[in-house]
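The values are calculated or read from the model by the stated rules, or taken from the named source; none is laboratory data. Bear in mind that the values here come from a model prediction, so they are computed numbers and not experimental data. Every residue, glycine among them, receives a Cβ derived from its backbone with ideal geometry; neighbour counts consider all protein chains shown.
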Amino acid sequence: MAVLIGPRGVRAALLALTIGAGSFVDCYSTGDGLAPPRESLYFPVGLQVSHGGSVLYVVNSNFDLQFSGGTIQSYDLRLIRRHTLLTIEDPTNPNLKLIRPGDTRVNPCPGEPPVYRDDGSGKRQPLGETCAPPVDSTFFVRRTAVIGAFATDMRLSELPQKLVPSTPKVPGQADPPAVDFGTDRLFVPLRGNASLLWADVSRDTAASVPPEDRNAPYAPFDIGCGIDGSGRCDAAHSAGANPAEEGNTRGLTMPGEPFGMAISEDGESIVMTHQTETRASLFRTGLSRTLPPRPPAIQYILDGVPFGGVGVAAIPHDRDAYIACPAGATGCTRVLPRPAFLETTRVAPEVQLLRHYADESGGVPSSLSRPFLTREAGFPITVSAGGTDSRGIAIDPTPRIACKARVRPVDPGANRTQDDVDRDVAACARKPARVFIANRSPAALLVGDIGAADGVDGAYDADRLTIHSSVPLSTGPSKVFLAPVVDPDGAYALRVFIVCFDSATVFVYDPDAATVETSFRTGSGPFAMAFDPFDMEDVATHKQVAFDDAREPGKGLRRYRFAYLASFTNSFIQVIDLDNARPDKSTYERIVFTLGAPTLPKGSE
């Protein structure tokens, strides 16, 4: 069915992203419509930074159906960071690719705040809030692939060595080494044809330097999705739409309105939520720590979850809390829990616990490989009136990591044995992880813990969720992200970033101080965020942030410094400075760069 959207339809489509306004966009026809703008931002809904930090991947949704599809784009992130530094030094620098070069008065900030100070000095307003003169985003684009319409999110696979084996840890024995095939994978839910699009991308490293010549080859820019002569990803890179696809042993097709997704700790599965269904979908990623990559495929459809699933997060199971028996040992028979997920919903004041079971009998895998999902519990939200309409969710394991880093080693002189060390490490591994949920009714950040002693018999329950507090926010909380800032001493310090779509505001919450550190206004309709690469273990232990001397020697640019925020409504990306160790604090937690011209949706006037 082809869908035409007029002015009122555009406004409704904008609401659909954050309200789940129904199924009027369930199907569409690309036909021979206009090709999407290959190098322009157009309703961006997902951002990911490559593991080495040289590429920013963006997915555009074509949400008003003006074109025959959306796009995935790769941007030169090294160049974006370089031009961000130029903007911080001087927003009128002639080397910036300003959209309206020349007189700085015609380079206003998104949202049209005053360009000049009102103190008679004739100087520009300092960067921040929504203020940074827009630059030409097409200058930074390196590759593009055309995809279907109505993308809702994007995820990048984790590094093989970071994936958690699905078996208990054996004391005194090292895990088998992960095999690195040098391939990462992007995953994108598409509402237009109810599928999971995927693309392989080459791995970069922290030392990778993209070429200065924008036309020179650089493998991490390439988007591997079987691109045809028209620039479109082929059907083989769309999972869940074809019941005969490889690995789809049940002959399933994915339900409509896919929205959020989470990748399991072992990297082998994805759970997908559905906005207008009582279902959740299970996919295999086609990736593992030890086997060559294979195509993703849908595996199972769970029915019976509350209507309006939105956010989902994989529960971290710390393997040090579950000790397997080494050869010949007895008395250590604990088993690592099956992979589990927390799902939020728009209609029920509770959070769902979903669990992924392998297809096996007596520990022996089935030859058909038919894993499945179950709904095992619903945890009530009672800390505020209402408690319905929960959106983004994030789980923070850093208290466990920090605790284990402080465990004292074996010390014969102090009569401290390996058994003592193992006991202390296990106690740290059983500390609760922190949970953060964006809730809209009322507008608040919900804070809780997961993984603690059961209230009935005192046994450890890794998946027991308790929501204990509520932090008021402005209207429209949509997404929650865990990422660090650089503290005044130059070390990583964890923060929670809450994106409020309706009020065009980002809140920054300090989980250790349990307080909102700051908030700032953004361009209209903020949605997706991404960050320079970081390691959560470095964050938990407050490691010093290294300088990016490989790419920008002598510039004082830290390897981790910026966050990236996509405006869904007006189709541009803003860069936020997270470095509080610089002598000049004026740009800390402020917008310092605007990628692309803020543009109203067609037909929205």
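If we keep just the residues of the range 130-168 that are aliphatic (A, V, I, L, M) and more than 25 Å from Ser524 (Cβ to Cβ), which is surrounded by the fewest Cβ atoms within 10 Å (Cβ to Cβ)? Checking each candidate, the answer is Leu159.
Of all residues in the range 55-98, those satisfying the criterion of being closer than 30 Å to Ser586 by Cα, touching a helix residue (DSSP H, G or I) at 6+ places or on another chain (Cβ under 6 Å) and in a strand (DSSP E or B) are Val55, Leu56, Tyr75, Asp76. Residue-level analysis places Arg355 among those that are modelled with pLDDT of 95 or more, at negative phi and surrounded by 13 or more Cβ atoms within 10 Å (Cβ to Cβ).
Considering the range 514-558, and only residues there that are of a type in the set (Asp, Glu) and closer than 20 Å to Leu79 by Cβ, the residue that is surrounded by the fewest Cβ atoms within 10 Å (Cβ to Cβ) turns out to be Asp549.
Residue under question is Arg319, and the condition is that it be of a type in the set (Lys, Arg) and either surrounded by fewer than 20 Cβ atoms within 10 Å (Cβ to Cβ) or more than 27 Å from Leu163 (Cα to Cα) (or both); does it hold? Judged against the criteria, Arg319 is a match.
If you filter the range 379-410 down to residues that are over 30 Å from Tyr322 (Cα atoms) and of a type in the set (Val, Ile, Thr), you find that the one that is surrounded by the fewest Cβ atoms within 10 Å (Cβ to Cβ) is Thr382. Of all residues in the range 496-547, those that are under 25 Å from Leu85 (Cα atoms), among the charged types (D, E, K, R) and free of Cβ contacts under 8 Å to residues at least 40 places away in the same chain total 1.
Scanning the range 169-196 for residues that are within 28 Å of the chain's Cα centre (by Cα), at positive phi and exposed (fewer than 14 other Cβ atoms within 10 Å of the Cβ) returns a single hit, Gly182.
Could you look through the range 213-233, keep only residues that are among the small types (Gly, Ala, Ser) and in contact with a strand residue (DSSP E or B) (Cβ under 8 Å, 6 or more places away or on another chain), and pick out the one that is surrounded by the most Cβ atoms within 10 Å (Cβ to Cβ)? In this case the residue turns out to be Gly224. For the range 503-513, give me each residue that is surrounded by 16 or more Cβ atoms within 10 Å (Cβ to Cβ) and not aliphatic (A, V, I, L, M). The answer is Ser503, Thr505, Phe507, Tyr509, Pro511. Being closer than 25 Å to Ala405 by Cβ, crowded, with 22+ Cβ neighbours inside 10 Å and of a type in the set (Ser, Thr, Tyr): is that true of Tyr564 here? Spelling it out, it is not the case that Tyr564 is closer than 25 Å to Ala405 by Cβ, crowded, with 22+ Cβ neighbours inside 10 Å and of a type in the set (Ser, Thr, Tyr).
Of the residues that make up the range 47-54, is at least one among the aliphatic types (A, V, I, L, M), modelled with pLDDT of 50 or more and either part of a helix (DSSP H, G or I) or within 20 Å of Gly392 (Cβ to Cβ) (or both)? Yes: the range 47-54 contains one or more residues that are among the aliphatic types (A, V, I, L, M), modelled with pLDDT of 50 or more and either part of a helix (DSSP H, G or I) or within 20 Å of Gly392 (Cβ to Cβ) (or both).
Just so you know, in the range 59-94 the residues that are surrounded by fewer than 20 Cβ atoms within 10 Å (Cβ to Cβ), modelled with pLDDT under 90 and not hydrophobic (A, V, I, L, M, F, W, C) include one that is nearest to Arg38 (Cα to Cα), and it is Gln66. Can we say Leu465 is in contact with a Lys or Arg (Cβ under 9 Å, 6 or more places away or on another chain), on the phi < 0 side of the Ramachandran plot, modelled with pLDDT of 95 or more and surrounded by 17 or more Cβ atoms within 10 Å (Cβ to Cβ)? Against the criterion (in contact with a Lys or Arg (Cβ under 9 Å, 6 or more places away or on another chain), on the phi < 0 side of the Ramachandran plot, modelled with pLDDT of 95 or more and surrounded by 17 or more Cβ atoms within 10 Å (Cβ to Cβ)), Leu465 does not qualify. When Val146, Val164 are checked against the criterion of being β-branched (Val, Ile, Thr) and in contact with an Asp or Glu (Cβ under 7 Å, 6 or more places away or on another chain), Val164 stands alone in meeting it.
What are the residues in the range 522-579 that are assigned to a loop (DSSP other than H, G, I, E, B), within 16 Å of Gly52 (Cα to Cα) and at pLDDT 95 or above, if any?
First, pick out the residues of the range 522-579 that are assigned to a loop (DSSP other than H, G, I, E, B): 522-525, 532-535, 541-543, 545-546, 548-557, 559-561, 568-571, 578.
After this cut, where a residue has to be within 16 Å of Gly52 (Cα to Cα) as well, the list is 532-535, 545-546, 548-552, 557, 559-561.
Answer for the range 522-579, where residues must be assigned to a loop (DSSP other than H, G, I, E, B), within 16 Å of Gly52 (Cα to Cα) and at pLDDT 95 or above: Asp532, Pro533, Phe534, Asp535, Val545, Ala546, Asp548, Leu557, Arg559, Tyr560, Arg561.
Considering every residue within the range 439-457, establish whether at least one is touching a residue at least 24 places away in the same chain (Cβ under 8 Å), in a loop (DSSP other than H, G, I, E, B) and among the small types (Gly, Ala, Ser). No: the range 439-457 contains no residue that is touching a residue at least 24 places away in the same chain (Cβ under 8 Å), in a loop (DSSP other than H, G, I, E, B) and among the small types (Gly, Ala, Ser). Screening Gly256 on (1) at pLDDT 95 or above; (2) over 18 Å from the mean Cα position of the chain (by Cα) shows it passes everything except condition (1). Out of all the residues in the range 562-570, is one or more without any contact (Cβ under 8 Å) to a residue 40 or more places away in the chain, out of contact with any Asp or Glu (no Cβ under 8 Å at 6 or more places or on another chain) and of a type in the set (Val, Ile, Thr)? For the range 562-570, residues without any contact (Cβ under 8 Å) to a residue 40 or more places away in the chain, out of contact with any Asp or Glu (no Cβ under 8 Å at 6 or more places or on another chain) and of a type in the set (Val, Ile, Thr): absent.
Out of the range 580-595, which residues are under 19 Å from Phe531 (Cβ atoms), outside any strand (DSSP E or B) and either small (Gly, Ala, Ser) or over 21 Å from the mean Cα position of the chain (by Cα) (or both)?
Hits for the range 580-595 are Asn580, Ala581, Arg582, Thr587, Tyr588.
Restricted to strands (runs of 3 or more DSSP E) entirely inside the range 234-293, no element has at least 3 residues that are surrounded by fewer than 21 Cβ atoms within 10 Å (Cβ to Cβ), out of contact with any Leu (no Cβ under 6 Å at 6 or more places or on another chain) and of a type outside the set (Lys, Arg). Pairs needed: first member in the range 153-168, part of a helix (DSSP H, G or I); second member anywhere, crowded, with 20+ Cβ neighbours inside 10 Å; C-beta distance under 6 Å; at least 6 residues apart or different chains. Note: pairs meeting the criteria are Pro160/Arg289.
To keep it simple, each residue is scored yes or no on (1) among the β-branched types (Val, Ile, Thr); (2) at pLDDT 95 or above.
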{"site": "Met154", "(1), (2)": "no, yes"}
{"site": "Pro171", "(1), (2)": "no, no"}
{"site": "Ala178", "(1), (2)": "no, no"}
{"site": "Val188", "(1), (2)": "yes, yes"}
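Being buried (at least 20 other Cβ atoms within 10 Å of the Cβ), of a type in the set (A, V, I, L, M, F, W, C) and either at pLDDT 50 or above or outside any strand (DSSP E or B) (or both) is a condition met by at least one residue of the range 18-30.
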